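Okay, structure first, notes after.
Please treat every number below as a calculation from the coordinates, not as lab data. These numbers were taken from a predicted model, which means no experiment stands behind them. Here the Cβ is made from the backbone with ideal geometry for all residues, glycine too, and neighbour counts use every protein chain on show.
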Amino acid sequence: MKHLRKTLTFNTDSRRAFINITRDVEEAVKKSGVENGMVLVNAMHISASVFINDNESGLHEDFETFLEKVAPEKPHDQYMHNRGTMEDNADAHIKRQIMGREVVVAITDGALDFGPWEQIFYGEFDGKRSKRVLIKVIGE
């Protein structure tokens, strides 16, 4: 069985961001030489996410609006996690739970086996510091 492990590093200028990482994953699959198998892509931090959806800016704005309604960043003291500590990122932990930790995509004939419009995204919910994403390709 063939396998490849690759990490991506992000340090966003903003607290929240959605970054299309599809090409990075495709490059890892190609480099691995796997023709049929799977690729796991996961955020290695508890305030970031990896998810699959459409690459449409209006939809990304809708995600941001929805997530802020469900888990608003401020006031910071509304969250027990933030009280009595230097923490101010409880909302980011909740947003990650909603958007998910990882995705697994089938590899067929050396390519990601996607449905129409599917792309892979890194979701940052507590940025301005270095974070990693793991890409693990396995198969034959």
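Results, tabulated for the structure shown:
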read-out	value
Efficiency of FRET from Cβ geometry, GLU118 and THR7, R₀ 25 Å, rounded to 0.05	0.65
Ranked list, fewest to most other Cβ atoms within 10 Å of each Cβ, for ASP91, ASP62	ASP62, ASP91
Total formal charge among the other residues, if their Cβ is under 10 angstrom from that of ASN42, Lys/Arg +1 and Asp/Glu -1	+2
Lysine-lysine proximity count for the stretch 1-81, Cα under 13 Å, sequence distance 8 or more or distinct chains	4
Rough spin-label spacing in nm, given labels placed 7 Å along Cα→Cβ, for LYS74 and SER57	2.5 nm
Over the chain: helical MRE at 222 nm, DSSP H runs n ≥ 4 each giving -39500 (n - 2.57), nearest 500	-7500 deg cm²/dmol
Amide N of the stretch 40-84 lying under 17 Å from the label point, which is placed 7 angstrom from the Cα of ILE138 along Cα→Cβ	40-43
Interchain or long-range residues, amide H under 5 Å from ASN53's placed H	GLN119, PHE121
Three-way shape call for the stretch 36-94 based on the alpha-carbon gyration tensor, with the a/c threshold at 1.5	oblate
Principal axis box of the chain, alpha-carbon based, largest edge first, Å	51, 30, 22
Descending semi-axes in whole angstrom, ellipsoid equivalent of the stretch 64-140, from the Cα gyration tensor	33, 14, 9
Listed residues VAL133, PHE66, GLY100: farthest to the positive end of the dipole of the chain (Cβ charges)	VAL133
Degrees between helix 57-70 axis and first principal axis of the chain (Cα, 0 to 90, nearest 10)	40 degrees
